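The values are calculated or read from the model by the stated rules, or taken from the named source; none is laboratory data. Note that the structure is predicted; figures quoted are calculated from it, not measured. Here the Cβ positions follow ideal geometry from the backbone for every residue, glycine too, while neighbour counts run over all protein chains shown. Only protein heavy atoms, including side chains, enter the accessible area calculation; ligands, DNA and RNA are left aside. Shrake-Rupley method; radii C 1.70, N 1.55, O 1.52, S 1.80 Å.
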There are 2 protein chains.
Amino acid sequence: MNHLEALVEELGDRVVTDAERMEKYRWDRANDPDAGVPLAVVRAGSTEDVQAAMRFAAAHGVPVVPRGAGSGLSGGASAVPGCLVLSTERMTEIEVDPVTRTAVVQPGLTNAQVKAAAAEHDLWYPPDPSSFEICSIGGNIATNAGGLCCVKYGVTTDYVLGLTVVLADGTAVQLGGARLKDVAGLSLTKLFVGSEGTLGIITEIVLRLIPRQRPPATLVAVFATLDDATNSVLAITRRLRPSMLEFMDRPTIHAVEDMTKMGLDREAAAMLVIQSDEPAGHAATECELIASLCEENNATEVFATDDPDEGEAFVAARRNAIPAVERTGTLLLEDVGVPVPRLGALVNGTADISAKREVTIAVIAHAGDGNTHPLIVFDPSDPDMAERARTAYGEVMELAMSLGGTITGEHGVGRLKRPWLADYLGPDVLALNQKIKDALDPQGILNPGSVF
Amino acid sequence: MNHLEALVEELGDRVVTDAERMEKYRWDRANDPDAGVPLAVVRAGSTEDVQAAMRFAAAHGVPVVPRGAGSGLSGGASAVPGCLVLSTERMTEIEVDPVTRTAVVQPGLTNAQVKAAAAEHDLWYPPDPSSFEICSIGGNIATNAGGLCCVKYGVTTDYVLGLTVVLADGTAVQLGGARLKDVAGLSLTKLFVGSEGTLGIITEIVLRLIPRQRPPATLVAVFATLDDATNSVLAITRRLRPSMLEFMDRPTIHAVEDMTKMGLDREAAAMLVIQSDEPAGHAATECELIASLCEENNATEVFATDDPDEGEAFVAARRNAIPAVERTGTLLLEDVGVPVPRLGALVNGTADISAKREVTIAVIAHAGDGNTHPLIVFDPSDPDMAERARTAYGEVMELAMSLGGTITGEHGVGRLKRPWLADYLGPDVLALNQKIKDALDPQGILNPGSVF
C-alpha cells in the first residue's frame with residue numbers, strides 16, 4: 001500500500017483509509033451484497049483533487065468508483081475491491097446567473113439545494129427524482145435522472161448545457177458552457193450525461209434554468225380496474241400535457257395508506273395523481289377536461305383541488321410510495337419503460353408475473369412517460385421466495401423489452417441491470433458503446449463492472 | 001471506375017454519375033469554391049440503400065459526404081473530390097403517434113413538412129431555423145439546428161429521442177426510441193445529433209412533439225442606440241421567457257425595408273421583434289411588461305399586436321433578413337454566440353470590426369440566446385474588400401471567443417469554420433473529439449474535411 005502514501009501526501013485528510021469510516025462509502029441504495037472494500041475513499045474538494053486522484057489511479061491501474069450521495073438504486077456506486085471511491089459530497093458551490101438563466105453547480109449539492117438556489121432568483125430547475133431531497137445533482141447528471149415533472153418538462157439531459165469532466169488520465173476538460181446554443185464540435189456534454197461514471201468524473205455542471213413553476217392544480221382519480229386507469233392515461237396524453245401524471249396500483253395504495261392513514265381508497269385497483277401548472281384559470285380548465293376524460297374511462301371517484309398544499313399531500317403520498325412499500329419487505333426495485341400506448345400491457349403483464357411467481361409487486365409509475373417502477377417485495381429469509389423475486393425481476397425487464405420498452409428509464413444500468421444490457425441493446429449497439437468506452441478509458445479503470 | 005459498377009448493380013438508378021446531374025450536389029449554401037467533383041451521387045431511398053453505399057465506400061476507401069437539402073451555411077455538405085455524395089432527399093416518410101406525442105421521420109423531409117404532419121394531430125415540432133421551409137430535418141439533426149423559438153423551447157437535440165444511424169462500416173444501429181426516458185447504455189442518440197455526418201449517416205429519427213403552440217402576441221420595439229436594444233434584451237430575459245426575442249441592426253433594417261417596403265424605421269439603430277405565446281390574457285400581460293421594460297431602456301417606439309397575421313409580418317421580415325442583405329452583395333455569414341450578458345459587447349465589438357475593416361456587417365441575432373449572425377457584405381470583384389471581409393470574419397469569431405462565446409451557435413463547423421475549431425476547443429477537448437471520431441470512423445471516410 002506504499003504507493004497510496006503519495007496520494008495522501010498530495011490530498012491530506014481528504015483521503016480516508018480508516019476501515020470504519022470507509023464502510024458507508026461501500027454501498028448505495030441498491031445494497032449490493034457483493035460490494036467490495038475500497039483501497040481508500042477520496043473526499044474531493046475541487047476539480048484539482050479529482051485530477052490528482054485520477055492521475056494516481058491511472059498510474060497504478062486502480063479502479064475508481066465515483067459517488068455522489070449514494071442514493072442510486074442500480075448499484076452504480078457500489079465499491080469494487082481495492083478501488084478508490086471518489087466522493088464529490090464536499091463539492092457544494094453554486095452560482096446562479098438570472099440573466100442567462102443558468103447555474104454553475106458543483107456535483108455534491110442535492111437536487112433540492114439546486115432548486116432552492118434557483119428559486120431565490122424566481123427560477124426553477126425542473127428534474128425532480130422522488131429522492132430529490134437526498135440525491136446529488138452529480139448523481140442526477142451521471143444517471144440522466146428523471147422524476148415526476150418529466151412528462152411535461154423532459155429529463156436531466158435537457159437542462160445540461162456544460163460540464164467540467166476529469167478524464168481517465170486526469171485531464172480536466174470543459175465541455176459546453178452557459179450558452180443555449182453551441183454546436184462547435186461533437187455533443188460531448190450530452191455524451192457524459194447518463195454515462196454513470198464510466199467515461200469520466202463530473203466536477204462542475206452548467207444547468208439551464210427556467211422561470212419558477214406556477215402553483216399547480218391537482219386532480220386525483222380512482223379506478224376499479226387497471227385498464228380504466230391506463231386507458232385514462234392514454235386519453236389524457238393524447239390531448240393534454242399535464243405537469244404530472246402518476247400512477248399507483250392497489251398494493252401501493254395499501255402500503256401508503258398503512259403509513260399515512262390519509263384515507264386512500266383501499267378498494268381501488270389504481271389511482272392517478274395529476275397536476276396542471278398552466279396559468280391561473282387555464283389550470284382549472286385543464287383539470288376539468290382531465291376529470292371528464294377520467295370519468296369517461298369509468299373513474300369511480302375524482303377529486304380536484306387548486307390548493308397547492310392540499311395537492312402536495314397527494315404528491316407526497318406518491319413520492320413516499322417506495323419507503324412505504326419498503327416497510328412491507330425487502331425490495332427489488334424495477335425501472336422499466338415503454339412507449340405510452342403499451343402502458344396497459346406493461347401493467348397487466350407485471351400483474352401476471354406477480355401472480356405466477358407468487359410475490360407481491362407494487363407498481364408505481366410515471367405513467368405519462370410510460371415509465372413504471374414495479375417494486376418486487378420479498379422476505380430475504382425465505383430463499384425460495386427470494387429466488388422467485390429475482391426471477392420476476394428479470395421477467396419484468398423481458399416483458400418491457402417485448403413491448404418495445406427499455407430496461408431502465410431513469411435509474412441507470414449500474415451493476416444490477418448489467419446482465420440484461422446486452423440483450424436490450426443488441427450486439428451492434430453494445431459494440432458501439434464499447435468502442436467509445438475503450439476510446440475514453442482504455443485501462444478500464446472508471447467504474448468497472450457498472451454498465452460495461 | 002470499375003468498382004462503381006457493383007454499386008450501380010445493387011442500387012440501379014439511385015446512383016447518379018452523369019456530370020451535369022451531379023453538379024447541383026456539389027455545393028451547399030456556403031458555395032465553397034473548392035467543392036470537389038464526386039465519383040457518384042447516391043440518392044438513397046432506404047436505410048438499406050445507405051448501408052449498401054457505406055459498405056461500398058468502406059471497401060474501397062471512398063469518402064462519403066452526406067447531404068440533406070443542401071441548405072447548410074458552413075460547407076458541411078460540400079463535395080470532396082472522388083466522394084460519394086449520399087443524398088437522403090428521397091427519404092420522406094413520416095408517422096405521428098399522438099398518444100406518445102412522437103413522430104418517426106425520415107431525414108429527407110423539410111422541417112416545414114414535419115411541422116405540418118405534427119399539426120394534423122394538433123402537435124408541434126418547435127425547432128425553427130429561418131430556412132425551415134427548405135432545410136431538411138436530417139440536416140437539422142446533423143447540425144443540431146436552432147432557430148427563433150429556442151429562447152423558450154430549446155434546440156433540436158432537445159426533441160430527438162431516437163435515431164437509426166448507418167455507421168462507417170455499413171452497420172445500421174437503432175439508438176433510443178419513442179420513450180421519453182431511457183438510460184440504458186451511453187447517450188449515443190445525443191452524440192450523433194450535431195455530429196455533421198462525421199460519425200454516421202442518420203436514416204430515421206424519432207422526434208418528441210409537444211402540443212400545438214398558442215397563437216402568439218407580437219411586440220416590436222425600436223431603439224436609437226445598440227446599447228438600448230441589448231440592455232432591453234437583458235432586462236427581458238432576467239424576468240420573462242418570451243417565445244421569440246430577435247434583434248436586427250440598422251444595416252439589416254435598411255436591407256429588409258428596401259426589399260419589403262413595409263415601413264420600418266430607417267433611423268433606428270436597432271429593432272427587437274418579440275413574441276409571447278402564453279395563454280389568452282397572459283400573453284397580453286407579458287407583452288405589456290416587455291413594452292415597459294423596452295421603454296425603461298429608451299425605446300423610441302413600441303408597437304404591440306395580438307393579431308397573429310400582423311405579428312407574422314414582422315417575423316417574416318426578420319426571417320427574410322438574410323436574403324434581403326444578400327441582395328446588397330456577397331455574404332460571409334457568421335454564427336457566433338455568447339452568454340446573454342455579453343450580447344452588448346458582441347454587438348458593439350462587431351460594429352467596431354465593421355468600421356475598422358471598412359466592410360458592412362449587418363447583424364441579426366437570436367438575441368435571447370446570445371446567438372448573433374453578423375452578415376459580412378462584400379463585392380467579390382474587389383479583391384482588397386474580399387480580403388478585408390475574410391479578415392473581419394475571423395475577427396468576429398475571435399471576438400466571440402474572447403467574450404466566453406462559441407464560433408458557431410447553430411449552423412455547424414462544416415468546412416468553413418474548421419480553421420477556428422482547434423482554437424475554440426483547445427487541445428484537450430479537440431483530442432477528445434478526435435478519439436471518438438477515430439473510434440467510430442477509423443478509415444476517416446465520413447465527411448472528411450468537415451469539423452475534423
Determine if segment A:184-191 includes at least one residue that is outside any loop (DSSP other than H, G, I, E, B), modelled with pLDDT of 95 or more and in the same structural domain as A:ALA313 (by TED's automatic domain parsing).
no
Which members of segment A:154-170 meet the condition of being over 14 Å from A:PRO107 (Cβ atoms) and either out of contact with any Gly (no Cβ under 9 Å at 6 or more places or on another chain) or outside the structural domain of A:GLU204 (by TED's automatic domain parsing) (or both)?
A:TYR159, A:ASP169, A:GLY170
Under the condition of being assigned to a helix (DSSP H, G or I) and within 20 Å of B:CYS294 (Cβ to Cβ), which residue from segment B:347-371 is nearest to the other protein chains (Cβ to nearest Cβ)?
B:ASP369
Tell me yes or no: at least one residue of segment A:148-157 is over 24 Å from A:ARG241 (Cα atoms) and more than 10 Å from chain B (Cβ to nearest Cβ).
no
The condition from (1) within 19 Å of the chain's Cα centre (by Cα); (2) in contact (Cβ under 8 Å) with a residue 60 or more places away in the chain that A:ASP122 misses is numbered (1)
Lone qualifier among A:PRO380, A:PRO374, A:PRO442 - being touching a residue at least 24 places away in the same chain (Cβ under 8 Å), in a loop (DSSP other than H, G, I, E, B) and more than 14 Å from chain B (Cβ to nearest Cβ)
A:PRO380
Which is at negative phi, modelled with pLDDT of 95 or more and assigned to a strand (DSSP E or B), of A:VAL80, A:VAL50, A:VAL65?
A:VAL65
Only listed residue being more than 22 Å from B:ALA365 (Cα to Cα) and modelled with pLDDT of 95 or more, chosen from B:VAL155, B:VAL104, B:VAL99
B:VAL104
Being hydroxyl-bearing (Ser, Thr, Tyr), open to solvent by 10 Å² or more (accessible area, probe 1.4 Å) and more than 29 Å from A:ALA178 (Cβ to Cβ) is the filter here; which residues of segment B:151-207 pass it?
B:THR164, B:THR171
Count - residues of segment A:83-102 that are under 21 Å from the mean Cα position of the chain (by Cα) and in a strand (DSSP E or B)
3
State whether the residues of segment A:399-408 include one that is farther than 28 Å from A:GLY139 by Cβ and either among the basic types (Lys, Arg) or part of a helix (DSSP H, G or I) (or both).
yes
Considering only segment B:158-182, state which residues are outside any loop (DSSP other than H, G, I, E, B) and either under 12 Å from B:GLU204 (Cβ atoms) or more than 10 Å from every other protein chain (Cβ to nearest Cβ) (or both).
B:VAL160, B:LEU161, B:GLY162, B:LEU163, B:THR164, B:VAL165, B:VAL166, B:ALA172, B:VAL173, B:GLN174, B:LEU175, B:GLY176
Just to be sure, is B:ALA235 in the same structural domain as B:ALA345 (by TED's automatic domain parsing), assigned to a helix (DSSP H, G or I) and buried (at least 24 other Cβ atoms within 10 Å of the Cβ)?
no
Leading residue by the ranking (farthest from the other protein chains (Cβ to nearest Cβ)) among those in segment A:208-232 that are part of a helix (DSSP H, G or I) and crowded, with 24+ Cβ neighbours inside 10 Å
A:ALA229
Are there any pairs with C-beta distances below 8 angstrom linking a residue in segment B:67-81 that is within 20 Å of B:ARG43 (Cβ to Cβ) and among the β-branched types (Val, Ile, Thr) to a residue that is open to solvent by less than 20 Å² (accessible area, probe 1.4 Å) and outside any loop (DSSP other than H, G, I, E, B), with the two at least 6 apart or on different chains, and if so which?
B:VAL80/B:VAL65
Looking at segment A:265-272, can you tell me whether even one residue there is open to solvent by less than 10 Å² (accessible area, probe 1.4 Å), under 30 Å from B:THR285 (Cβ atoms) and either within 28 Å of the chain's Cα centre (by Cα) or touching a residue at least 12 places away in the same chain (Cβ under 8 Å) (or both)?
no
Kindly indicate which of B:VAL50, B:VAL62, B:VAL80, B:VAL105 is in the same structural domain as B:GLY200 (by TED's automatic domain parsing), open to solvent by less than 30 Å² (accessible area, probe 1.4 Å) and among the hydrophobic types (A, V, I, L, M, F, W, C).
B:VAL105
If you go through B:GLY370, B:GLY404, the only one that is on the phi > 0 side of the Ramachandran plot, surrounded by 20 or more Cβ atoms within 10 Å (Cβ to Cβ) and of a type in the set (Gly, Ala, Ser) is B:GLY370
Looking at segment B:88-108, is at least one residue of a type in the set (Gly, Ala, Ser), in contact (Cβ under 8 Å) with a residue 24 or more places away in the chain and within 14 Å of chain A (Cβ to nearest Cβ)?
yes
